[in-house]
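Student: Got a structure for you, written out below as structure tokens; questions coming shortly.
The values are calculated or read from the model by the stated rules, or taken from the named source; none is laboratory data. Here the structure is a predicted model, which means the values were calculated and not measured. Glycine gets a Cβ as well: all are built from the backbone with ideal geometry, and neighbour counts include every protein chain shown. These accessible areas exclude ligands, DNA and RNA; they are computed on the full protein's heavy atoms, side chains included. Shrake-Rupley method; radii C 1.70, N 1.55, O 1.52, S 1.80 Å.
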Amino acid sequence: MCFNSFFFLFFFMLINYFFFVYFIMNGLSVFFEWEIISFNSMSIVMSILLDWMSLLFMMFVSLISSVVIFYSKSYMNSELNLNRFIILVLMFVFSMVLLIISPNLISILLGWDGLGLISYCLVIYYQNLKSYNAGMLTALSNRIGDVMILMVICWVMNYGSWNYIFYFDFMKNDYVMFIISFMIIIAAMTKSAQIPFSSWLPAAMAAPTPVSALVHSSTLVTAGVYLLIRFNYLLIDMFFFKVLLFLSILTMFMSGISANYEFDLKKIIALSTLSQLGLMMSILSLGFPDIAFFHLLTHAMFKALLFMCAGVIIHMMNDIQDIRYMGGLSLYIPLTSLCLNISNLSLCGIPFLSGFYSKDLILEMVSFNSFNLMVFILFYLSTGLTVFYTFRLIMYVMINDFNLMMIYNLYDEDYIMLNSMFVLLFMSLLSGSFLSWFIFSYPYMIYLPFNLKLMVIYVSILGSILGFMVSNMGIYSLNKLLLSYNLSSFLCLMWFMPNLSTYGLSYIYLNFSQILFKNIDMGWSEIYSGKGIFNILKNYSVFYNIYQMNNFKIYLFSFILWFMILFIFFFI
Amino acid sequence: MNNNSNKMFFLFILFFSTLISISSNSWFGCWIGLEINLLSFIPLISNSKNLLSVETSLKYFLTQSLASINFLFMILIKFSLLKNFNMNNIISIMMNSSLLMKMGSAPFHFWFPNIVEGLSWMNNFMLMTWQKISPMILLSYYFNKNFLIFMIIMNLIIGSLGGLNQTSLRKLLAFSSINNLGWMIFSIMISENLWLFYFLIYSMMISMMISLFFLMNMYFMNQLFINNMNFFIKLNLLINFLSLGGLPPFMGFMPKWIIINFLLINKFYFLIFIFMMTSLIIIYYYIRIIYSSFMFNYFKMKWVNLLMKNNMSLINLSSFISISSMILSTFIFM
């Protein structure tokens with residue numbers, strides 16, 4: 001099953017690649033329409049839009065999913081129901097493809113809901129308590145986005161059809177479009193885990209690592225960004241885009257800080273994903289959809305690779321995800337650490353790896369256009385924080401001493417996993433330049449002063465030095481976190497926002513329902529029905545029994561008494 | 001009755017006496033039938049070796065003879081003082097009272113649970129079914145509607161409330177019999193045909209249950225919780241109890257349904273309320289009996305062995321009849 005789906009998806013990727021090259025070179029875009037039913041004046045039409053953006057995204061999605069399925073053949077080989085897992089992943093890919101190619105809202109809804117539902121099934125795959133809680137958080141946060149898209153469907157019916165791409169040019173200043181844009185932005189924010197809804201992404205790391213590699217790095221969380229890119233013509237002058245800018249910049253900053261306090265390997269990578277998502281959303285809301293798309297694709301490559309390396313490391317560490325137990329792995333697992341290093345450096349934006357092209361272009365566009373001080377500071381600060389936590393991670397995992405056990409055997413030569421990582425490694429090295437040559441038919445004109453141009457490098461060097469110094473631990477090192485406990489817990493726990501989604505929502509209702517249950521369900525409603533009536537009847541029955549248990553002569557005499565009374569009434 | 005020709009003889013006279021009583025031309029003949037009924041029932045229930053049954057037969061004799069004497073007296077007063085057929089007077093109340101006492105209906109029912117406690121199951125079956133025929137038919141000849149409705153309500157309430165606190169199966173069936181008497185007396189007031197229908201179904205259900213208890217020799221509730229009972233016997237018990245309580249898919253719902261239909265059409269709303277609520281209480285204590293025996297799993301007692309009896313086919317047939325007869329009876333009208 002693994003091999004079959006791997007080959008199928010790989011060839012699908014190749015087909016998409018060739019069509020993408022053909023379409024973008026010739027400037028083609030194809031719009032298929034399939035009329036399902038036409039009845040009087042109503043017709044149901046299923047439409048598919050294939051332009052270079054959807055083909056490129058489909059190519060990347062199928063590449064990553066084929067590699068992940070091949071990887072999970074070895075990663076999940078002790079799983080009894082592996083076919084179930086593969087089928088879930090394939091359904092996920094199908095929903096994603098449906099979302100990518102659809103120009104109308106109903107098929108977007110099908111893909112969107114499918115994504116949410118299947119990501120829930122995949123997050124709860126291990127079926128323990130933590131997975132259940134994480135799955136519930138994921139599903140319910142995504143559900144808000146589903147509701148928003150449903151409402152958008154309702155509102156778009158004002159225009160007569162659900163093919164939204166036709167209405168952007170004509171209806172821009174309409175009140176209906178205002179409402180629609182608001183709801184679309186909220187839907188994208190839930191899916192891409194921006195600030196009010198950001199609690200599900202670190203929690204969803206309870207999923208198996210291939211799932212995290214596929215879902216939480218490249219496909220599910222970028223669906224929101226993709227939706228906004230599609231709707232970009234509508235949203236570009238609206239007020240909500242500025243709100244989105246503010247929230248996404250804060251997301252980027254917050255997750256960068258929180259990743260510095262984390263010690264769980266997958267959570268660090270999840271918060272790094274969150275930070276890059278914030279970056280994508282912010283550059284999108286600044287008005288550059290193609291750069292956002294570019295960063296989406298390159299980020300997918302190296303983040304999936306990073307998750308897969310994390311999976312190999314977790315397997316080797318006997319399923320321990322805590323980085324304090326790891327160390328010095330670069331000596332023992334050279335190939336995996338090669339992949340890990342390249343993806344980490346690509347994440348930081350080290351020159352001429354794939355992440356550099358997209359990230360550097362973003363930062364230069366932010367510097368070149370005139371935005372306000374907060375945008376500027378937070379962008380550069382977040383870039384520095386990215387380097388900070390990356391170098392801290394590399395120090396803990398690769399360079400410091402090995403902390404797990406006295407006797408160990410670190411086995412790297414699982415070539416199924418390694419080969420799948422090499423594919424992504426190749427793409428992670430080259431996709432930056434390759435995509436920039438394809439997507440941007442002419443380069444952006446950017447003219448910056450010398451120090452501003454080097455600002456990226458200054459921030460990166462600062463971040464790397466800080467990352468090195470923070471993780472320099474010895475036996476006698478103090479835990480500086482305890483000195484600033486309140487501030488540290490605020491920054492570490494994602495500024496206490498997950499409590500809004502979890503404890504804060506349920507506390508009031510659970511408390512209230514406890515009061516109701518104790519006082520009404522087990523209290524008054526028992527007295528007025530159930531036990532109360534039973535007690536009344538029982539007392540009556542006991543009372544009756546006093547009359548029943550009597551002397552026999554009393555019965556006979558009472559009969560005679562009755563007759564005497566009747567006689568008296570009759571004969572008087 | 002183990003090949004006892006005495007008992008057969010008295011049984012024959014018992015049947016015959018009821019027929020005399022209900023088919024006679026004059027009230028005097030009715031009274032004669034009632035007397036012969038009493039006289040032939042006493043030898044059936046008395047067993048001189050057993051002190052309890054002697055005492056029971058004596059109690060039965062005392063109450064029934066008192067009622068018969070009163071009945072005779074009221075007949076004579078009616079003949080001598082009243083020359084009309086108006087049923088709403090005090091003589092009819094007094095005649096009805098004596099007949100009610102013969103039946104064991106409230107408010108003159110206090111002898112009924114006592115006596116039922118002292119009889120064996122087969123004698124109980126006679127007492128609860130056959131002995132009710134002639135007083136009820138005599139009741140239908142001359143009844144006072146207002147008095148009877150009051151008595152019906154008392155029957156229902158006492159039948160339901162009295163049974164709540166019982167553990168003896170005989171007393172439980174006695175109180176349920178009192179409750180069903182309420183339904184039956186009301187059906188007399190609707191139509192005699194309906195009474196016959198109700199009575200036949202009631203006696204069929206009672207016979208199934210009593211035969212079940214007789215086969216297993218069970219007299220008290222704690223004997224029900226024997227795990228060695230065959231599953232089908234337990235199932236039959238469950239179905240019969242529910243049918244007796246009047247639960248819809250079973251047979252016992254049908255006569256109650258017709259009576260409720262009549263009550264609704266003629267707007268007897270208060271009476272319907274009392275019928276329904278007391279039925280609920282009755283079903284509650286039936287279910288309380290059977291759910292423990294049916295659903296809980298007690299430890300198996302090795303020294304009591306209730307295997308499949310020889311006449312399982314009868315038990316299966318009775319279960320089948322209880323379950324399906326209500327639906328099959330609609331096929332009569334096709």
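Student: Just to be sure I understand the model, the point goes 7 Å from the Cα along the line to the Cβ. What's the resulting residue A:4 to residue A:233 distance in nm?
Tutor: For residue A:4 paired with residue A:233, the spin-label model returns 4.2 nm.
Student: Right, here's the next one. If you roll a 1.4 Å probe over the heavy atoms of the protein chains, what accessible area per residue do you get for region A:523-571, in Å²?
Tutor: Details: 3570 Å² over 49 residues.
On a per-residue basis, region A:523-571 sits at 73 Å².
Student: By how many degrees, 0 to 90 and rounded to 10, does the Cα axis of helix A:105-123 deviate from the longest principal axis of chain A?
Tutor: 80
Student: Which residues of region B:89-122 bury at least 30 Å² of accessible area once all protein chains are present, versus their chain alone (1.4 Å probe)?
Tutor: Buried-area filter returns B:90, B:94, B:101, B:108, B:110, B:114.
Student: Could I ask something else about it? For residue A:242, which lysines qualify as cross-link partners when the Cα separation must be under 26 Å and same-chain residues fewer than eight apart are set aside?
Tutor: Answer for residue A:242, where 26 Å is the Cα cut-off: A:172, A:191, A:359, A:453, listed by chain and number.
Student: Find how much the distance from residue A:454 to residue A:399 grows on full extension, using 0.36 nm per residue of separation minus their present alpha carbon separation; answer in nm with one decimal.
Tutor: Working: separation 55, 0.36 × 55 = 19.80 nm, distance 2.81 nm.
Full extension of this stretch gives 17.0 nm more.
Student: Can you give the accessible area per residue of region A:1-473, in Å², using a 1.4 Å probe? Intermediate results must be reported in sequence, preceding the final value.
Tutor: On the way: 18770 Å² over 473 residues.
About 40 Å² of surface per residue is accessible.
Student: Starting from the Cα of residue A:554, step 7 Å toward the Cβ, then list every residue of region B:135-151 with an amide N under 11 Å from that point.
Tutor: Flagged as within label range: none.
Student: Quick one: which residues, 5 or more positions from residue A:45 or on another chain, have an amide H under 5 Å from its amide H? H modelled 1.01 Å from N in the peptide plane, none for Pro or chain starts.
Tutor: A:36
Student: So if I place +1 on the C-beta of Lys and Arg and -1 on the C-beta of Asp and Glu, and nothing else carries charge, what would the dipole magnitude of chain A be about its Cα centre? I want it in debye, nearest 20.
Tutor: Details: 20 positive and 22 negative charges, 251 e Å.
The dipole magnitude comes to about 1200 debye.
Student: While we're on this one: List the residues of region A:541-563 for which accessible area in the full set of protein chains is at least 50 Å² lower than for the chain on its own; 1.4 Å probe, protein heavy atoms only.
Tutor: Checking the loss per residue gives A:541, A:544, A:548, A:552, A:555, A:556, A:559, A:562, A:563.
Student: Counting only helical runs of four or more DSSP H residues, what would the 222 nm mean residue ellipticity of chain A come to if each run contributes -39,500 (n - 2.57) and the total is spread over all its residues?
Tutor: Numbers: 24 runs with 396 residues, N = 572.
Only helices count here, giving -23000 deg cm²/dmol.
Student: For the interface of B with A, what's the total buried accessible surface in square angstrom, probe 1.4 angstrom, rounded to the nearest hundred?
Tutor: Numbers: alone 15920 and 28040 Å², together 41530 Å².
For chain B against chain A, roughly 2400 Å² becomes buried.
Student: Could you give the size of the charge dipole of region B:5-333 about its Cα centre, using +1 on the Cβ of each K and R and -1 on the Cβ of each D and E, expressed in debye and rounded to the nearest 20?
Tutor: Values: 17 positive and 4 negative charges, 71 e Å.
The dipole magnitude comes to about 340 debye.
Student: What are the aspartates and glutamates whose alpha-carbon lies under 19 Å from the alpha-carbon of residue A:73, with same-chain residues fewer than 8 places away excluded?
Tutor: Counting by Cα, and skipping residues close in sequence, residue A:73 has these aspartates and glutamates nearby: A:319, A:412, A:413, A:414.
Student: In nm, to one decimal, how far is the modelled label at residue B:222 from the one at residue B:191, with both set 7 Å along Cα→Cβ?
Tutor: Result: 5.0 nm between the two label points.
Student: Related question: Give me the net charge of residue A:178's neighbourhood, meaning all other residues with Cβ under 13 Å from the Cβ of residue A:178; Lys, Arg count +1, Asp, Glu -1. Walk me through the numbers on the way to the answer.
Tutor: Details: positive: A:172; negative: A:174, A:237.
Local net charge: -1.
Student: Along the charge dipole of region B:5-333, Cβ charges K/R +1 and D/E -1, which of B:287, B:257, B:154 sits furthest on the positive end?
Tutor: Most positive-ward Cα: B:287.
Student: At a 1.4 Å probe, what is the % contribution of carbon and sulfur to the accessible area of region A:1-90? Before the final figure, lay out each step's value.
Tutor: On the way: 3200 of 4850 Å².
Of all accessible area on region A:1-90, carbon and sulfur atoms account for 66 percent.
Student: Moving on. Using a simple spin-label model with points 7 Å from Cα along the Cα→Cβ vector, what separation in nm is obtained for residue A:487 and residue A:469?
Tutor: Each label point is offset 7 Å from its Cα along the Cβ direction, giving 1.4 nm.
Student: List the chymotrypsin sites (Phe, Trp or Tyr not before Pro) in region B:75-164 that DSSP assigns to loop (not H, G, I, E or B) and whose Cβ has at most 15 other Cβ atoms within 10 Å. Which are they? If you can, show how the numbers build up before the last one.
Tutor: Details: sites: B:79, B:85, B:108, B:110, B:111, B:121, B:125, B:130, B:141, B:142, B:143, B:147, B:150; in loops: B:85, B:108, B:110, B:142, B:143.
Filter output for region B:75-164: B:85.
Student: In chain B, once you exclude exposed trypsin sites (Lys or Arg not before Pro) (DSSP loop, at most 16 other Cβ within 10 angstrom), what's the longest stretch remaining? If you can, show how the numbers build up before the last one.
Tutor: Numbers: sites that count: B:49, B:83, B:267, B:300, B:302, B:309.
Longest gap between qualifying sites, sites excluded: B:84-266.
Student: Of the heavy-atom accessible surface of chain B (probe 1.4 angstrom), what whole percent is carbon and sulfur?
Tutor: Details: 10430 of 14780 Å².
Here it works out to 71 percent.
Student: In region A:40-62, whose amide N lies under 19 Å from the spot 7 Å out along Cα-to-Cβ of residue A:439? List them in ranges.
Tutor: So the set is A:50-62.
Student: Report, in deg cm²/dmol and to the nearest 500, the calculated mean residue ellipticity at 222 nm for chain B, where each DSSP H run with n ≥ 4 adds -39500 (n - 2.57) and the sum is divided by the residue count.
Tutor: Working: 14 runs with 245 residues, N = 334.
That calculation yields -24500 deg cm²/dmol at 222 nm.
Student: Could you calculate the FRET efficiency of residue B:284 with residue B:26 from 1/(1 + (r/R0)^6), where r is the beta carbon distance between them and R0 is 41 Å, rounded to 0.05? Display every interim value, and only then the final one.
Tutor: Numbers: r = 46 Å, r/R0 = 1.12.
E(calc), rounded to 0.05, equals 0.35.
Student: Toward the positive end of the charge dipole of chain B, about the Cα centre and with charges on Cβ (Lys, Arg +1; Asp, Glu -1), which of B:248, B:26, B:271 goes farthest?
Tutor: Selected residue: B:248.
Student: Chymotrypsin sites (Phe, Trp or Tyr not before Pro), restricted to region A:517-546: which are DSSP loop and have at most 15 other Cβ atoms within 10 Å?
Tutor: Details: sites: A:517, A:524, A:528, A:534, A:540, A:543, A:544; in loops: A:528.
Here the chymotrypsin sites (Phe, Trp or Tyr not before Pro) that fit, given the DSSP loop and packing criteria, are A:528.
Student: Something else: Which of the lysines could a cross-linker bridge to residue B:59, judged by Cα under 23 Å and excluding same-chain residues fewer than eight apart?
Tutor: Qualifying lysines at Cα under 23 Å: A:553, B:7, B:49, B:102, B:132, B:171.
Student: Among B:296, B:15, B:203, whose Cα lies farthest out toward the positive end of the dipole of region B:5-333, if unit charges sit on the beta carbon of Lys, Arg (+1) and Asp, Glu (-1)?
Tutor: Going by the Cα projections, it comes out as B:296.
Student: Right, another one. Determine the per residue accessible area of region B:5-333 with all protein chains present and a 1.4 angstrom probe, expressed in square angstrom.
Tutor: 43
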